[in-house]
Amino acid sequence: MTTALTHSQENAIDVTALTGAERTVALYASDMPNGRRRYTADQARAWIVQGAQRVGPGELQRRAEYFRGWRLLDMHGLTTVQVQARHEQRFPNARRLVLAHKEASGNVSRDGMTDTARKRNAGAVVDGECPCRGTGGIAAWGPGIELMCPVHRRAQIDAHHRASRAGA
C-alpha cells in the first residue's frame, strides 16, 4: 500500500495524486452538501482536500480499496451479506455515497490522475468473505463453469479487455 497523501500543510494534497475511489471517500467525508447540485471544479477540489485531510492518508486509501472491492462485486451482483453489511457500516448514507462518486468521477475527468494514482486506481479489497473464497473463481451455471472474480482476478480481466480492444 503506497500512501499518496501528507498532512504537512493545507495545500499539500494534490487531488490528481488520488484515485477515483479515494476522491469518492474524501468527498463523502467532507462538508459537501447532500443535495444534488452543480458545483464548481474549485469547490469540488476543496472538498476533496478537506475530506482527505479529515480521514487521513492511510485510512483514506483503506476505505477506498474497500469501496472499490464492494463496487466491483456490486456491479456483478456478487456482493455477499457480510461485505454489504460492512460497506453500509462504513458508508451509512447511500445517497451521499452516490453523489460523492458522481462528483469524484467528474473531478477525475476534469483534473486527470497522476501515473502513480493510476497504478493504484485498480486496487480493491473485500471486507469480509468474497464469493470466490480467495480462489479467484466463482462457480456459475454448473460444474466446471466459473466466473473470474472481479476483485481477485482484476488484472487478468483487464488484460483480456485490452487484448479484445486491440484485436477489434
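FYI, it's all coordinate maths here, none of it is from the lab. Because the structure is a prediction, the values reported are computed rather than measured.
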Checking 108, 49, 15 against a Gaussian network model of the chain (alpha-carbon springs below 10 Å), the top fluctuating residue turns out to be 108
Mind computing the radius of gyration and Dmax over the alpha-carbon atoms of segment 10-125? Å is fine for both. 13.4, 40
Expressed as a rounded percentage, what relative contact order does the chain have, with Cα pairs under 8 Å and six or more residues apart? 27 percent
Need the full-extension length gain, residue 98 to residue 42, defined as separation in residues times 0.36 nm minus the C-alpha distance. One decimal, nm. 18.2 nm
For the chain, set up a GNM with springs between Cα atoms under 10 Å and report which of 118, 45, 133 has the largest fluctuation. 133
